[in-house]
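I have placed the structure first, in the form of structure tokens, so that the comments after it can refer back to it.
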Amino acid sequence: MLLPQIAVKKLYDDFGIVKPADLSLDTILACKNIFVREAEIDGAEARILMREDSAVITISNRIQNQQKRKFILSHELGHFVMHRFNQLMLTDTDETFDSWYKNNFVDQEVEANLFAAEYLMPSKLFEKVCKSVCKDHPEILRDGLDLPVLMDAIARYFDVSMTAAFLRFVDCGIHPVIAVGCKDGIVSWFKWSSDFPHYIHAFNRHLPPRPESVASEVFKNGISYSGLERKQWIPKSAWFSTGSRDRDSTFYEYCIYSERYGYSISLIWEP
Ligand SMILES: [Zn+2]
């Protein structure tokens with residue numbers, strides 16, 4: 001187990017809880033003598049000032065989204081639990097919260113993000129919830145895995161953003177997937193499940209996604225698919241290199257898009 005997972009397990013054990021809904025984050029922060037204040041902060045989302053037995057988190061008053069607020073506070077709690085003896089003050093910007101898809105687990109920002117993900121969506125529980133949703137809604141598995149419907153249920157259960165749920169699914173979901181993030185029509189990162197079987201030749205960062213991909217279409221039209229159309233059929237070659245003897249088989253892509261931030265995340269999977 002990685003340090004953030006060990007730290008979350010200890011936190012859950014200390015508080016006698018098994019899932020995040022058992023005890024509010026506010027209560028945990030209060031018990032840890034962590035005081036939260038909102039203020040205007042220039043160029044940062046949050047800041048934590050730590051002592052051995054207490055801390056003050058200052059969170060930007062621009063953050064209105066409750067799920068984002070919860071993720072940021074969980075990230076700061078991670079710093080307190082894991083890093084307070086190394087460094088007394090840490091400042092977090094958009095960039096540090098975006099570093100979750102990097103695989104350098106030595107980095108304390110990556111550690112804090114992994115702590116937040118594990119705290120909000122414990123890996124074992126995540127898998128259990130995925131399986132139980134599929135059991136209650138067999139139609140999800142009927143025709144090539146309906147990930148949009150499954151992701152809706154997961155994000156609702158854990159009360160997290162769709163982005164957080166997507167990324168968690170890559171790490172501990174029940175089907176191999178790859179997630180690709182694009183910014184302003186250019187591929188900026190990708191992350192795949194450890195059991196994803198396809199070699200990803202086609203993934204070049206700093207290039208636009210191929211025209212057959214849903215991400216490309218979404219940037220062109222400025223709108224993503226909704227409702228039943230969210231699961232879109234794509235040819236394998238939209239994202240992957242196919243050898244001369246390879247069949248251009250059917251894959252699926254579910255792309256969420258924020259016009260405001262010029263940002264998209266696609267989940268891509270094989271039925
Ligand atoms: Zn941080």
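Give me the pairs, please: first residue somewhere in the stretch 48-64 and assigned by TED's automatic domain parsing to the domain that holds Q87, second residue anywhere and polar (S, T, N, Q) and within 16 Å of the ligand (Cβ to nearest atom), beta-carbon distance under 7 Å, and either six or more positions apart or on two chains.
none
Given the criteria at pLDDT 95 or above and either surrounded by fewer than 14 Cβ atoms within 10 Å (Cβ to Cβ) or on the phi > 0 side of the Ramachandran plot (or both), does R37 qualify?
So R37 fits the description; yes.
Among the numbered conditions (1) modelled with pLDDT of 85 or more; (2) under 25 Å from I140 (Cβ atoms), tell me where G262 comes up short.
Here G262 clears every test but (2).
Can you name the strands (runs of 3 or more DSSP E) wholly within the stretch 20-97 that have at least 2 residues being away from the ligand (no atom under 16 Å from the Cβ) and more than 24 Å from Y261 (Cα to Cα)?
34-39
Output the helices (runs of 4 or more DSSP H) that fall wholly within the stretch 104-149 and possess 3 or more residues being of a type in the set (D, E, K, R) and surrounded by 15 or more Cβ atoms within 10 Å (Cβ to Cβ), or say none.
108-120
The values are calculated or read from the model by the stated rules, or taken from the named source; none is laboratory data. Not measured: the values here are computed from a predicted model. Don't worry about glycine lacking a Cβ; one is built from the backbone with ideal geometry, like all the others, and counts go over all protein chains shown.
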